[in-house]
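For reference, the structure is listed below as structure tokens.
The values are calculated or read from the model by the stated rules, or taken from the named source; none is laboratory data. Just so we're clear, the structure is a prediction, and the values are computed from it rather than from any experiment. Heads up, the Cβs are rebuilt from the backbone with ideal geometry, glycines too, and the neighbour counts pull from every protein chain shown. Ligands, DNA and RNA are excluded from the accessible area calculation, which covers all protein heavy atoms including side chains. Shrake-Rupley method; radii C 1.70, N 1.55, O 1.52, S 1.80 Å.
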Amino acid sequence: EVSGTTGYVANKFSDDITVLDLSSNRTVTTIDISGRQPMALQLAGDKLFVATHLPNDSARADVVSADLCVIDTNSNEETKVIPMINGAGGVKDLCISPDGKTIYVSHVLARYTHPTTQLDRGWINTNGFSIVDVDSETVTASVLLDEVEWGASNPWGILVTDDGSKLVVA
């Protein structure tokens, strides 16, 4: 992700973000994040939203989900960790609406709290995306992409059209 002469790089296997000065090609700092395996970045004003690929929770926790970490780009410090919906993982991408008020996050939703039944209807994992309000830094909704007899298989790239009329999920 790039803002002016500053670049941000997600380092998936070291759980941190590198901040670069693109005019001098030098590392400014590295920011440790609370989440596990940062996968995608999205700037929203002076906030950098970091989508983490996998849950970082104990298997015994009441909620097990991947997180969105929020970094203040003025201080280069993590200011909040936003848990996704219970079971969210396999996060691949995020994007922002043209008005800068909403972030969309593509992910898989594991039904790990339910017995393994009706496998043919996708009751083990479903595919979808979540909607995040930028100002309140909260997940406001999660939307499933699967149909009853036809799965959407591992949502990856996600993008809002320039006019904001369509959300496209690959």
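Just one of the listed residues (Asp72, Asp15) is open to solvent by 30 Å² or more (accessible area, probe 1.4 Å), charged (D, E, K, R) and farther than 27 Å from Lys101 by Cβ, namely Asp15. Could we say that Val148 is modelled with pLDDT under 95, in contact with a helix residue (DSSP H, G or I) (Cβ under 7 Å, 6 or more places away or on another chain) and either open to solvent by less than 40 Å² (accessible area, probe 1.4 Å) or farther than 30 Å from Ile31 by Cβ (or both) here? Yes: the conditions hold for Val148. Residues in segment 44-62 that are in contact with an Asp or Glu (Cβ under 7 Å, 6 or more places away or on another chain) and open to solvent by 30 Å² or more (accessible area, probe 1.4 Å): Asp46, Lys47, Asn56.
Of all the criteria given as (1) surrounded by 13 or more Cβ atoms within 10 Å (Cβ to Cβ); (2) modelled with pLDDT of 90 or more, the one not satisfied by Asn125 is (2).
Every listed requirement among (1) over 16 Å from the mean Cα position of the chain (by Cα); (2) within 27 Å of Lys12 (Cβ to Cβ); (3) open to solvent by 60 Å² or more (accessible area, probe 1.4 Å); (4) modelled with pLDDT under 90 is met by Glu77 save one, (4).
Residues checked against (1) within 12 Å of the chain's Cα centre (by Cα); (2) within 16 Å of Pro38 (Cβ to Cβ):
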residue	(1), (2)
Arg60	no, no
Ile82	yes, yes
Val108	yes, no
His114	no, no
Val134	no, no
Thr140	no, no
Asp162	no, no
Lys166	no, no
